[in-house]
Amino acid sequence: MEQTNLNSLEKRAAVSLALIFSMRMLGLFMLMPILAIYGQELENVSPLWIGIAIGAYGLTQALFQIPMGWLSDRFGRRRIIVIGLVIFAIGSVVAALATSIEMVTVGRAIQGMGAIASAVLALASDVTREEQRPKVMAVIGMCIGLSFAVALVLGPVIAQSFGLQGVFFVTAIMAVVGIIVTLTVVPVAYTQTHSGESAVSKSNIVSMLFNGQLLRLDLGVLMLHCLMTSMFIALPILFKNSGLSVNEHWKIYLPVLFLSFVFMVPMLIVGAKKGIEKSLFLFAISLIILASIVMVFSSGLWSLILAVFLFFIGFNFLEASLPAHVSRLAPAGQKGAAMGVYSSSQFLGAFLGGVVGGLIAEKFGFSYLFAANGVIALLWLVLAFGMKLPLSSKRISIPFAPKVSLDYQSLINKLSECDGVMEVTLVKDESRIYLKVNKTNYDRASVDRLVSSTD
């Protein structure tokens, strides 16, 4: 059954998973503009400890994404998402009750251990058709971008009224809301790949880590978040030097982010329909290079705004495209692990961007920081020229009649044995089975017999 628009399941998955993802990221983003200021009230505070406290989250996120993604392959996406949110809430409470910068750092590190990005993205891939997946990833990406914009306004407001402790408590509350959404709204899906590829072995994971095409995407997202994080070391100061007070910066961020979404969405749609995804991918990286050049030679507020606008068109397009490409290239049965590597690279990039970007800015100045960003983006452009996207496989949808006595795991195991079936996703809530099949040798008759036997 072919459809050109998102179906009800895909819409539900997109909205619920985007809400979970963005609430968690909102808690992270709210701290970025306030920790250095309100953290001065903590014991043993110093600039070094402030940097460690900020980076601790990204570092543990990077370390735990792969294990959590692997666990989601083995024990189910929703279960791992809930466990991750519980850990994140515990870390938030530890940080909220802390009186020293060291304990805040411990809390931040615990927050990072609740690494659910890979499981969320893998679940989004499980319940969406391949041709519609970029749209779902775009919704998640846009919500993350919007959470960043909201955080720039909300973080200082909460901190002004309730202090740093209040921000951490709000973060814990959002984690609890995320748990409720996961248990009540997120679709229930059982996933099984072809039996010969379902086992996740150490050798398979190592092979996946050194897959040339996946490695290009992982390095790409590392560079993308390195560029974004390092850019924000300089932007607030440059805006302030241009005559804008800190509480007015959102007047730039919000419209720029909104307009960048307006330009980015048509790029995603045209790329999927016309089959020019790679060309637009390279174009988006080129926009980031151009933005870096404009920043180097920026002499006023308007040129800086133009550069930020160009950057976020490219950033948002790439942020939405990269996970969709990873899910297409991931070996069968290892989607969660592949998303784990991807998410680890993402957070490691943010960590490196803060550290390396800060060093360059401190020793050489902002112009050299933007120049370095341009060189990194240029290296990424060269690397991306070798990217090869696979031919789209066919994704079909089959309704089935649920029974109390129906053994769902047995059914998907049998379906996965049929010729041409690459992946099976059974969505209990929708009474529907989604198959990813090879167009050349798909045994439709065997699949139909198995599904009809459940009636």
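Read-outs throughout are calculated quantities, based only on the coordinates presented, and are distinct from any laboratory measurement. All values reported here derive from a predicted model rather than from experimental measurement. Counting neighbours? That spans all protein chains shown, and the Cβs are built from the backbone with ideal geometry, glycine included.
For segment 27-102, with only Lys/Arg (+1) and Asp/Glu (-1) charged at the beta-carbon, what is the dipole magnitude about the Cα centre, in debye rounded to 20? Don't skip to the answer; put the middle values down first.
Values: 4 positive and 4 negative charges, 110 e Å.
Dipole of segment 27-102, to the nearest 20 debye: 520 debye.
As I understand it, the value is the acute angle between the Cα axis of helix 335-364 and the longest principal axis of the Cα atoms of the chain; what does it come to in degrees, rounded to 10?
10
Here are some pairs, Lys240/Lys278; Lys274/Lys436; Lys394/Lys428; Lys394/Lys414; Lys11/Lys274; Lys11/Lys414; which of them have Cα atoms lying more than 31 Å apart in this structure?
Lys240/Lys278
Considering only Val170, Tyr342, Ser321, whose Cα is most displaced toward the positive end of the charge dipole of the chain, charges sitting on Cβ of Lys, Arg (+1) and Asp, Glu (-1)?
Towards the positive end, the residue furthest out is Ser321.
Across segment 298-311, in residue order, what do the Karplus-derived ³J(HN,Hα) couplings come to in whole Hz, using 6.51 cos²θ - 1.76 cosθ + 1.60 with θ = phi - 60° and x for Gly and Pro?
Ordered by residue, 3J(HN,Hα) equals 5, 10, x, 5, 5, 5, 5, 5, 4, 5, 5, 4, 4, 4 Hz.
So if I take the alpha carbon set of segment 216-309, get Rg, then get Rh from the Kirkwood formula, what is the Rg over Rh ratio?
Values: Rg = 14.9 Å, Rh = 14.8 Å.
Answer for segment 216-309: 1.01.
Placing +1 at every Lys and Arg Cβ and -1 at every Asp and Glu Cβ, with all other atoms neutral, what dipole size does the chain have around its Cα centre, in debye to the nearest 20?
On the way: 32 positive and 24 negative charges, 140 e Å.
Charge dipole of the chain: 680 debye, to the nearest 20.
Could you give the length gained on full extension between Asn438 and Leu389, defined as 0.36 nm per residue of separation minus the Cα-Cα distance, in nm?
Values: separation 49, 0.36 × 49 = 17.64 nm, distance 1.59 nm.
So the extension gain works out to 16.0 nm.
Can you tell me the orientation of helix 101-113 relative to the chain, as the angle in degrees between its alpha-carbon axis and the longest Cα principal axis, to the nearest 10?
20
Which whole-Hz ³J(HN,Hα) couplings does segment 95-100 yield from phi under the Karplus relation 6.51 cos²θ - 1.76 cosθ + 1.60, θ = phi - 60°, glycine and proline marked x?
My calculation for segment 95-100 gives 5, 5, 8, 6, 10, 10 Hz in order.
For Phe400, what residues show an amide H to amide H distance below 5 Å, using hydrogens built from the backbone and excluding near sequence neighbours?
Placed amide hydrogens put Arg432, Ile433 under 5 Å from Phe400.
Arrange Phe366, Phe297 by Cβ neighbour counts within 10 Å, fewest through most, would you? Can you show the working numbers first?
Details: Phe366 20, Phe297 11.
Ranked by crowding around the Cβ, least crowded first: Phe297, Phe366.
Using a basic spin-label model with each label point 7 Å from the Cα along Cα→Cβ, how many nm lie between Lys251 and Val86?
4.7
In segment 29-128, with Lys and Arg counted as +1 and Asp and Glu as -1 at Cβ, which of these residues, Thr60, Tyr38, Gly107, has the Cα nearest the positive end of the dipole, that is, farthest along it?
Thr60
Once phi is turned into θ = phi - 60°, what whole-Hz ³J(HN,Hα) does the Karplus curve with 6.51, -1.76 and 1.60 give for every residue of segment 380-385, x standing for Gly and Pro?
5, 4, 4, 5, 6, 4
Grab the Cα-Cα distance for Val375 and Lys278, subtract it from 0.36 nm times how many residues apart they are, and report the gain in nm with one decimal.
Taking Val375 through Lys278 to full extension adds about 32.9 nm, to one decimal.
Over all pairs of distinct alpha carbons, what does the Kirkwood formula give as the hydrodynamic radius of segment 64-107, in Å?
It is 11.5 Å.
Which whole-number percent of Cα pairs in the chain have a distance greater than 42 Å?
15
List the residues whose amide H sits under 5 Å from the amide H of Met422, counting only those 5 or more places along or on another chain, with H placed 1.01 Å from N in the peptide plane.
Excluding prolines and chain starts, which carry no amide H, the hits are Lys436, Val437, Asn438.
How do Asp448, Asp73 rank when sorted from fewest to most other Cβ atoms within 10 Å of their own Cβ?
With the fewest neighbours first, Asp448, Asp73 line up as Asp448, Asp73.
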